[in-house]
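Peer 1: Here it is, the structure, as structure tokens.
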Amino acid sequence: MALIAAAPIFGQEPASGVVVAPADKTEKAAQGADAQDKSTEPQLPFQIQLLETHIRFEANGDSRKEVHTIVRLNNILGARQFSRIGFDYNRAFQQVEIPQVRISHANGGTSELLPSAVTDAPNPAVEKYPAYQDVRVKSVRILGLQEGDTVEYRVITTTTKAPLAPDFWLEHTFDRSGQVLEENYELNLPESRKVETYFSSFAPAVQKDRKDENGSGRSLLRWHFTADTSGNSARPEKLEPDIVLTSYASWEDFAAALGKQLLPNQEAVNALSAKAKEIAGGENPSQNWISPIYYFVSQKISTIDLPLGATGFRTRAPSEILSSGYATPEDKFALFAALIRNCCGVHAGFVHSGDSIAEGGMPRPSVFDHLLTMSGSFGVGTHIWMDLNLEVAPFGMIPSQFRSKAALLIEPGLNQTWSQIPEQLPFRGFQKVAVDARLSETGDLAAKVKYTLRGDNELLLRVAFHQTPKEKWKDVAGLLAISDGFRGQVSSVTVSDPKATKDPFVVGYEISQPKFVDWTKKPVRVPALLPQIGLPDPPARNVAGTSKSKIELGTPLDVDTRLTLHLPSGTAVEAPAGTSVERDYATFSSKYVASTNTLTASRRVNFLAREIPGDRAADYNAFVRAVQNDQAQLFTLVPPTSSSTEPNAKPLASKP
């Protein structure tokens, strides 16, 4: 089954559900996406003086959206941001016109941009992929903008015969940051279509009108919003935007409509029967096919990084996807479904990456942003959740932001609309860090660091190295070193194959730091050169009379860190005492051993539970303090008297 997770959605969507202008900084600001806090930024780079939006939907799902924007550029940064403004659209069912771009110059006079300033090109993500070049960006380049200039423009987006027509939907949130001074918003809806609506109590009052056109009634809804400069206009967090409308009567109707787009027909399934058996190694059809087919589609078919719905949820033929070797998330699911249906069931669905989506919420695709897959049959054997899109996710592993979320299942006739993604990993998570270091007679430090990982951090690192050219892997390793408190020059980076997901992920590097210690200071005290073990923050004090919230510990994880530090000959070492703390939700232990010329250290924490009751906060605070106190302990080093030590060496300012 395919699942989708939701990212931030900008309002004013056309019937296609594709964001009209994600590259348009003014519209993003108008919807709060790039809003800046005045308390921390005295002057905004630009300010929208007027934003007017008129959207008209037809009974057949067609739409027309016109946006009129007047924006003042407050400084050179704002001028640079508006040197090019762009609008995303899909040429297969949309048209974008930019009939007006006028610049009023701060030093007087106005100028109009000629049509030749408008360019139309494929979205950068699909430039090399012919099958998706209908996904485009129409943009305007504006040269010579200066501080104090005012830019005024109009953009018209027309949607005709979108893939999910006659259904349509829309959502919008008014800006409350002060970035938009005045906003007018109008919806023109056909009365012949039943449309579900939601209007936030925090939005301005709605003015409703009715008019007749060619014998058919229409409803006009208008909002007028002005900025509140008092600083009291913050919008409380909530699940729904200020304005939501949808023509879908229920989530079941929405699921059925998307199922028709995403799921292949039996002819496509039969056409890939031989290929499915080849991928499965010739075995008879069974659930054993799921893993090899997952790895084939995940890793052999390149994922095109387009926003979900950029193609209107229209999919290509599975055989075409297979031959091209690349696909959007929707197309990867369509190919997987065509292959796997030769042995097992498969279900498509959507999941939200942020706040949970209530089943009673307004059904629309704009609340989802990621496509996952689930194969198997309900009540028969097991069903397995997968992420086909990352290309390096281990089989059965779902990114942490989607686990435990409610997923909308997509398939006509399915008697279950929502399902919860399991919170557990397909394997026990662990992290092993081994540090083999050497401290020279001149105080220089050289270390080899090796990470072996399974779990959420494994997936993050696999994705990071997979998406980074090999010649820049050193930069990724450098960031990893900094995040773990190591300072110095990183070199000799080694990484296991990010696509070899059946085995733990291994990252190694060497790091050197001159003048790590000053041997002229006796004694010398150094920390254990190990990454600090991170623990969830202790809960804040509850307000009197309120219930104590649970303490979230996250996915069960075993962290094991070990150090061997080689010292100059004759160096005496004094080690701190180790610590051992055991709870039913986590355990921690450390061990420090000192001998002449060598010291060793090990720390291990084992998270056993995902959460603990809030009334155990005092006990958890004590556990955290014990771990933090242990990690703050230092080794004491006394070097031998040697002419080779540098009497005038200066202490190092920063240490791991």
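The values are calculated or read from the model by the stated rules, or taken from the named source; none is laboratory data. As the structure is a prediction and not an experimental result, all values here were calculated from the model. As a convention, Cβ positions derive from the backbone with ideal geometry for all residues, glycine included, and neighbour counts pool all protein chains shown. Ligands, DNA and RNA are stripped out before the accessible areas are found, and what is left, the full protein with its side chains, is counted by its heavy atoms. Shrake-Rupley method; radii C 1.70, N 1.55, O 1.52, S 1.80 Å.
Peer 1: What distance in nm separates the simple spin-label points at Ala540 and Asp209, each placed 7 Å from Cα in the Cβ direction?
Peer 2: Result for the modelled spin labels: 4.7 nm.
Peer 1: Moving on. First compute the accessible area of region 390-441 with a 1.4 Å probe, then give the percent of it belonging to carbon and sulfur atoms.
Peer 2: Carbon with sulfur: 46 percent of the solvent-accessible area.
Peer 1: For the chain, what does the relative contact order come out to in percent, with C-alpha contacts under 8 Å and a separation of six or more?
Peer 2: 12
Peer 1: Multiply the residue gap between Ile76 and Ala121 by 0.36 nm, knock off their C-alpha separation, and tell me the result in nm, one decimal place.
Peer 2: Residue separation times 0.36 nm, minus the Cα-Cα distance, leaves 13.5 nm.
Peer 1: Averaged per residue, what accessible area in Å² does region 404-496 show with a 1.4 Å probe, protein chains only?
Peer 2: 50
Peer 1: Rounded to the nearest 0.05, what FRET efficiency is calculated for Ser353 and His105 with R0 set to 51 Å and r the Cβ-Cβ distance?
Peer 2: With a Förster radius of 51 Å, E is 0.70.
Peer 1: Pull out a ≥ b ≥ c, the square roots of the eigenvalues of the alpha-carbon gyration tensor of region 66-192, then state rounded if a/c is under 1.5, prolate if not and a/b is larger than b/c, and oblate in the remaining case.
Peer 2: oblate
Peer 1: When the dipole is taken about the Cα centre of the chain, and only Lys, Arg (+1) and Asp, Glu (-1) are charged at their Cβ, what size is it in debye, to the nearest 20?
Peer 2: My answer is approximately 1520 debye.
Peer 1: May I ask for the distance between the Cα centers of region 156-217 and region 562-610, given as a whole number of Å?
Peer 2: So the separation of the two Cα centres works out to 63 Å.
Peer 1: While we're here: Charges on Cβ only, +1 for Lys and Arg, -1 for Asp and Glu, centred on the Cα centroid of the chain; of Pro556, Phe336, Ser247, which one is farthest towards the dipole's positive end?
Peer 2: The Cα lying farthest towards the positive end belongs to Pro556.
Peer 1: Loop-only GluC sites (Glu not before Pro) in region 109-157, please: DSSP not H, G, I, E or B, and at most 13 other Cβ atoms within 10 Å.
Peer 2: Glu127
Peer 1: What spacing in nm lies between the two simple spin-label points modelled at Ser491 and Thr600, each 7 Å away from Cα in the Cβ direction?
Peer 2: Between Ser491 and Thr600, the label points sit 2.9 nm apart.
Peer 1: Just report the Cα centroid separation between region 386-400 and region 65-99, whole Å.
Peer 2: Answer, in whole Å: 36.
Peer 1: If the reach is capped at under 15 angstrom between alpha carbons, list the aspartates and glutamates near Lys208, excluding any in the same chain fewer than eight residues apart.
Peer 2: Output for Lys208: Glu186, Glu191.
Peer 1: Let me ask something additional. For each pair in Lys300/Lys432; Lys277/Lys499; Lys65/Lys138; Lys275/Lys300; Lys260/Lys332; Lys138/Lys332, compute the distance between the two Cα atoms and list the pairs where it is over 18 Å.
Peer 2: Result: Lys300/Lys432; Lys277/Lys499; Lys138/Lys332 exceed 18 Å.
Peer 1: How large is the accessible surface per residue of region 71-165, computed with a 1.4 Å probe and reported in Å² as a whole number?
Peer 2: 49
Peer 1: Hey, if you put +1 on the Cβ of every Lys and Arg and -1 on every Asp and Glu Cβ in the chain, which of Thr150, Ala121, Gln513 ends up farthest toward the positive end of that dipole?
Peer 2: Selected residue: Gln513.
Peer 1: Can you sort Phe202, Phe395 by 1.4 Å-probe accessible area, starting with the largest?
Peer 2: Phe202, Phe395
Peer 1: So, with a 1.4 angstrom probe, what is the percent of accessible area on region 514-600 that is carbon and sulfur?
Peer 2: 50
Peer 1: Might you tell me the accessible area per residue for region 244-291, computed with a 1.4 Å probe and given in Å²?
Peer 2: It amounts to 47 Å² per residue over region 244-291.
Peer 1: If r is the Cβ-Cβ distance from Lys474 to Glu112 and R0 is 56 Å, what FRET efficiency results, to the nearest 0.05?
Peer 2: 0.65
Peer 1: Note down the magnitude of the dipole of region 66-209 about its Cα centre, charges +1 on Lys and Arg C-beta and -1 on Asp and Glu C-beta and zero elsewhere, to the nearest 20 debye.
Peer 2: For this selection, approximately 400 debye.
Peer 1: To the nearest 20 debye, what is the magnitude of the charge dipole of region 508-627 about its Cα centre, counting +1 on the Cβ of each Lys and Arg and -1 on the Cβ of each Asp and Glu?
Peer 2: Dipole of region 508-627, to the nearest 20 debye: 320 debye.
Peer 1: Which value, to two decimals, describes the C-alpha radius of gyration of region 247-363 once divided by 2.2 N^0.38 Å?
Peer 2: 1.14
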